[in-house]
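Following: one structure in structure tokens, then a few remarks.
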């Protein structure tokens, strides 16, 4: 049976949004949401989880524009992305929101905004493309990592969980890090099944890294939380999709 985690990083957001709630909030603030294809909206009805990230930003002389990438994981394993453009029309003015299903449309809309020619000396770099910055490596902490691995494997209830060989390997772990792998907790469409995916990365004495992938969900007959652990992210996501398909 799954037990609560002591690590602060495991605590979910105070008011996590479901994929449907996040989509509704995005469409509600976008001035042009009526232009999105109906097919895209229908596909998002079966989203399992969602994630949002800053894609690029440009701030200058009281004007600003940011683009955000909103991605939903679907029950069939596919992903759908919507692009949000946030900008103000006058220096210091209120933000306006637009949403696009195609990145080329986003770029065209961004190009139409422009920036003033007489920019001051404190202008920030022309365009920060955050996605071009290499992803950081794991930040490990030495906190009884071998015991954490043992408790994680003990909690796992799936029959195909990692076995004795993995347990023996992780018994030597010197440090670990826990991260949520796909944004905030999500629910599987109309079935209202809560899923959260975590990566447990372990540092071994020789410098090698090993990760276990944990799915926390409520796809149980009595609705209780269940823990499953897999050796790969693909296997963990596949288990999420199969459970969603069985529940409809």
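The values are calculated or read from the model by the stated rules, or taken from the named source; none is laboratory data. Keep in mind that what you see is a predicted model, and the values were worked out from it rather than measured. Cβ sites come from the backbone with ideal geometry, for glycine too, and all protein chains shown count toward neighbours.
Do any residues in the stretch 21-39 that are assigned by TED's automatic domain parsing to the domain that holds residue 50 have Cβ atoms under 6 Å from those of residues that are at pLDDT below 90 and loosely packed, with under 11 Cβ neighbours inside 10 Å, where the two are at least six apart or on different chains, and which pairs are they? No pair meets every condition.
Within the stretch 16-33, being touching a strand residue (DSSP E or B) at 6+ places or on another chain (Cβ under 6 Å) and more than 20 Å from residue 88 (Cβ to Cβ) holds for 18, 19, 22. Scanning the stretch 34-61 for residues that are surrounded by 13 or more Cβ atoms within 10 Å (Cβ to Cβ), out of contact with any strand residue (DSSP E or B) (no Cβ under 7 Å at 6 or more places or on another chain) and part of a helix (DSSP H, G or I) returns 41, 45. Among the residues making up the stretch 68-83, those that are over 12 Å from residue 54 (Cα atoms) and in a strand (DSSP E or B) are 72, 73, 74, 79, 80, 81, 82. The set of residues in the stretch 89-106 that are modelled with pLDDT under 85 and either surrounded by 13 or more Cβ atoms within 10 Å (Cβ to Cβ) or part of a helix (DSSP H, G or I) (or both) is empty.
Scan the stretch 144-170 for residues that are under 16 Å from residue 209 (Cβ atoms) and not in a helix (DSSP H, G or I) and jot them down.
Step one: filter the stretch 144-170 for residues under 16 Å from residue 209 (Cβ atoms), giving 145-146, 148-149, 152, 162, 166, 169-170.
Hit for the stretch 144-170 is 162, nothing else.
On inspection, residue 37 fails the criterion of being over 28 Å from residue 180 (Cβ atoms) and modelled with pLDDT under 85.
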